[in-house]
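The values are calculated or read from the model by the stated rules, or taken from the named source; none is laboratory data. From a predicted model like this one, the values you see are computed outputs, not experimental measurements. Cβ atoms come from the backbone with ideal geometry, glycine included; neighbour counts cover every protein chain shown.
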Amino acid sequence: MNATTANSTQLLRQINSEALLRFALQEQVFTAGEAMAETGLTRATVLGVCDGLVDAGWLEEVDDGGDAGRVLKGRPARRYRLREAVGVVVGLDAGETSFTTVVADLRGRELGSRREGLDSHALGGAGRCAKARELIGLTLADAGLTADDVLLTVIGVPAPVDAGGASPAEGEFWQLMNCGFARHLQAGSSSTMTPISPPSPSWRWSPQPTWQPC
């Protein structure tokens, strides 16, 4: 297998994994047949991708308790569900005069939130980053979690942001608002950090297997 074929195969598997995880996020428990109907993938592909997602910790295979005591013909359907304990996501609304943090599970259920006023101009960029780390840590602690549980942190800032999460260098205010959160918060963390600049509310999250923001 040459490098081009290997890369194409890897990309196809990632696309299929994304499709399966999006479906899993919408369902409590699902069968391979239900996933096939939703995604249009073949049975062999669905089973192969689900096995990979189980091995990676994103899905778990479950027994069908409803079949207990019944005589079934043929092989019972394999059933899967999202492994919600795999991690959480964090949203930080890093405004000029206040910070708001929200911690949620993979289905969007809020596990904790905090809000704190601040003087960004007095704190400076380094102070804003330090305050963000502190507030996120406190919110995680409120939910009985640590930074090791975080898969993705999305930061909303009142500044224009490019595809790489950077703001224009010539804008002093923009540089203060988007003051290197991703670099500062990701130090020592395995989660993904990305600043965004959407309309209010200042953060949004779309679950994808690569855990990149929408």
How many residues does the stretch 138-174 hold that are surrounded by fewer than 16 Cβ atoms within 10 Å (Cβ to Cβ) and in a helix (DSSP H, G or I)?
-> 6
Filtered residues of the stretch 64-92 (kept if of a type in the set (A, V, I, L, M, F, W, C), more than 20 Å from M36 (Cα to Cα), at pLDDT 55 or above and not in a helix (DSSP H, G or I)) | V88, V89, V90, L92
Counted residues, the stretch 93-116 - those being in a strand (DSSP E or B), free of Cβ contacts under 8 Å to residues at least 60 places away in the same chain and under 14 Å from the mean Cα position of the chain (by Cα) = 2
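Give the residues of the stretch 100-120 that are at pLDDT 95 or above and exposed (fewer than 12 other Cβ atoms within 10 Å of the Cβ), sorted by residue number.
Taking the stretch 100-120 and keeping what is at pLDDT 95 or above, we get 100-104, 110-120.
Matches in the stretch 100-120: E110, G117, D119.
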Out of the stretch 161-176, which residues are over 18 Å from the mean Cα position of the chain (by Cα) and modelled with pLDDT under 90?
-> V161, D162, A166, S167, P168, A169, E170, G171
